[in-house]
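What follows is a single structure, written as structure tokens, with notes after it.
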Amino acid sequence: MSEKVDWDEVSRGRGMPESLIRKLKDEVKWDLISQFQKLTEKFILEFKDDVNWEKISTYQILSEKFISENEHLVNWGNISKFQTLTEKFILMHDHKVFWPAISRYQKLSDQFIFENVGKLDMDLVSEYQDKMSIDTVEKLEASVNWNKIYSHKKKI
């Protein structure tokens with residue numbers, strides 16, 4: 001008696017070793033593997049034509065070096081939202097990152113905010129950048145959204 005394998009369920013199951021994924025590469029569902037399995041960067045590159053790069057950019061933890069080396073494959077909107085990026089990296093890729101996501105989801109220093117006020121979405125910065133100092137808020141008074149700063153009672 002032969003059972004039909006539910007490859008969606010197998011691919012979705014957490015903790016599948018890369019060696020097993022490699023062995024079952026023609027059966028597994030790569031969209032689900034890209035989302036639910038913890039993959040090394042080496043493995044992702046080995047199967048770069050099989051993985052779902054949008055999901056890789058969202059669900060895998062990627063180094064900035066890996067992102068830079070695969071900048072043409074990653075989804076920059078998802079990278080900007082879901083990966084932890086340094087300010088130096090953001091500036092090196094300022095034409096690729098999605099600034100509204102940077103404004104909301106990345107932890108930004110006062111200096112970075114001040115120096116990049118023209119690129120950042122200041123409504124989102126005002127609402128979500130919890131660590132902005134009163135000094136920076138005052139320096140950027142014409143750019144910040146005071147209602148969002150005070151309605152979230154967290155900045156000053």
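If a residue counts only when it is farther than 25 Å from ASN78 by Cβ, which helices (runs of 4 or more DSSP H) contained entirely in the range 99-150 have at least 2 such residues?
It comes to 110-115, 134-139.
Among the residues that make up the range 143-151, is at least one of them closer than 28 Å to HIS95 by Cα, charged (D, E, K, R) and modelled with pLDDT under 75?
For the range 143-151, residues closer than 28 Å to HIS95 by Cα, charged (D, E, K, R) and modelled with pLDDT under 75: present.
LYS38: over 28 Å from PRO100 (Cβ atoms), under 17 Å from the mean Cα position of the chain (by Cα) and surrounded by fewer than 16 Cβ atoms within 10 Å (Cβ to Cβ), yes or no?
yes
With respect to GLU64, determine if the residue is surrounded by 17 or more Cβ atoms within 10 Å (Cβ to Cβ), under 28 Å from ILE102 (Cβ atoms) and among the acidic types (Asp, Glu).
The answer is yes for GLU64.
Among the residues in the range 87-96, are any over 30 Å from LYS148 (Cα atoms) and part of a loop (DSSP other than H, G, I, E, B)?
no
Run GLU115 past the list (1) surrounded by fewer than 18 Cβ atoms within 10 Å (Cβ to Cβ); (2) in contact with a Ser or Thr (Cβ under 8 Å, 6 or more places away or on another chain); (3) over 30 Å from PHE43 (Cβ atoms) and report the number of the one that doesn't hold.
All conditions pass for GLU115, except number (2).
Filter the range 14-24 for residues that are in a loop (DSSP other than H, G, I, E, B) and in contact with a helix residue (DSSP H, G or I) (Cβ under 9 Å, 6 or more places away or on another chain); which is surrounded by the most Cβ atoms within 10 Å (Cβ to Cβ)?
So, considering only residues that are in a loop (DSSP other than H, G, I, E, B) and in contact with a helix residue (DSSP H, G or I) (Cβ under 9 Å, 6 or more places away or on another chain), the one surrounded by the most Cβ atoms within 10 Å (Cβ to Cβ) is MET16.
The values are calculated or read from the model by the stated rules, or taken from the named source; none is laboratory data. The shown structure was predicted, so the numbers you read here are calculated from the model rather than taken from an experiment. When we count neighbours, we look across all protein chains shown, and the Cβ atoms used for this are built from the backbone with ideal geometry, even at glycine.
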